[in-house]
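Data block below; observations after.
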Amino acid sequence: MPPPPHGRSLPETERTRHRRLREQGSLDRADLDAILAAGFVCHLGVSVDGTLMVVPTVYGSDGSTLYFHGSVASRSLVASPGAAVCVTVTHVDGLVLARSVFEHGVNYRSAMVFGVPRPVTDPDEKLEGLRCLTEQATPGQWDYARRPSRKELAATTLLALSLEEASVKVRTGPPDDGESPDAELPVWAGILPLHASWGTPEPDPLLAPDIVAPPHIAQRSGPR
């Protein structure tokens, strides 16, 4: 696969090489950054006590490191130091409905990050990592709400994973059977887009009535 025409490229490794649907693969680091920036929930694949587990958790990225809550992965690291994990982030943009079921598909953006995570023990880095998580989900919240205390920091498990080894795939566009014999069938074909949106903020029932949602929350209503 040729390198991207401009910008940084992702290195190809045995784990990240695109073997299937290569045309959907990307080596452009900007695509990885965009996929990570568009979400805040990842799925962590890890082996714990000999059992494979895939755990949903929140994450934040500073551009070179992925920070995520990982008590399950932390247990694995204790039992098997140096064990690799796989973190995935996926966004579904629509259903690709073709003339035949065989050609149906999904428009999506997906990233897989491989590596050996490290527990974040330095208090300053842990605080910065938690800031990344918070701002990834709700920009502006870190400076608005109370920040973690020392006791809360000590009780929080945070892992850091380098973004150096990652695989990216993106699928866009209409069905692929528009020029096939199935194009003669009287069957509708096209894309059914999927759009996520934030609703109107709902206050805590115990919240004082004079406290209103700050702009960084109130203005998030609408598309993500």
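The values are calculated or read from the model by the stated rules, or taken from the named source; none is laboratory data. Since the structure is predicted, the reported quantities are computational estimates derived from the model, not experimental observations. We place every Cβ from the backbone using ideal geometry, glycine too, and count neighbours over all the protein chains shown.
Whether a residue is touching a Ser or Thr at 6+ places or on another chain (Cβ under 8 Å), loosely packed, with under 10 Cβ neighbours inside 10 Å and of a type outside the set (G, A, S) was assessed, and T157 does not pass this test. Would you check if R171 is closer than 27 Å to D62 by Cα, at pLDDT 95 or above, touching a Leu at 6+ places or on another chain (Cβ under 9 Å) and surrounded by fewer than 16 Cβ atoms within 10 Å (Cβ to Cβ)? So R171 does not fit the description; no.
Only one of (1) surrounded by 16 or more Cβ atoms within 10 Å (Cβ to Cβ); (2) outside any helix (DSSP H, G or I); (3) in contact with a Pro (Cβ under 8 Å, 6 or more places away or on another chain) fails for A111. Which number is that? Evaluating A111 over (1) surrounded by 16 or more Cβ atoms within 10 Å (Cβ to Cβ); (2) outside any helix (DSSP H, G or I); (3) in contact with a Pro (Cβ under 8 Å, 6 or more places away or on another chain) leaves (3) as the failure.
Look at the range 181-201: where a residue is in contact (Cβ under 8 Å) with a residue 12 or more places away in the chain and a partner is charged (D, E, K, R) and not in a loop (DSSP other than H, G, I, E, B), sitting 6+ places away or on another chain with Cβ atoms under 8 Å, you get D182/E103; P193/D93; L194/D93. Residues in the range 18-59 that are surrounded by fewer than 18 Cβ atoms within 10 Å (Cβ to Cβ), more than 19 Å from G129 (Cα to Cα), of a type outside the set (A, V, I, L, M, F, W, C) and touching a residue at least 12 places away in the same chain (Cβ under 8 Å): 6 in all. The set of residues from the range 136-154 being free of Cβ contacts under 8 Å to residues at least 24 places away in the same chain and either surrounded by 15 or more Cβ atoms within 10 Å (Cβ to Cβ) or within 16 Å of the chain's Cα centre (by Cα) (or both) comprises W142, P148.
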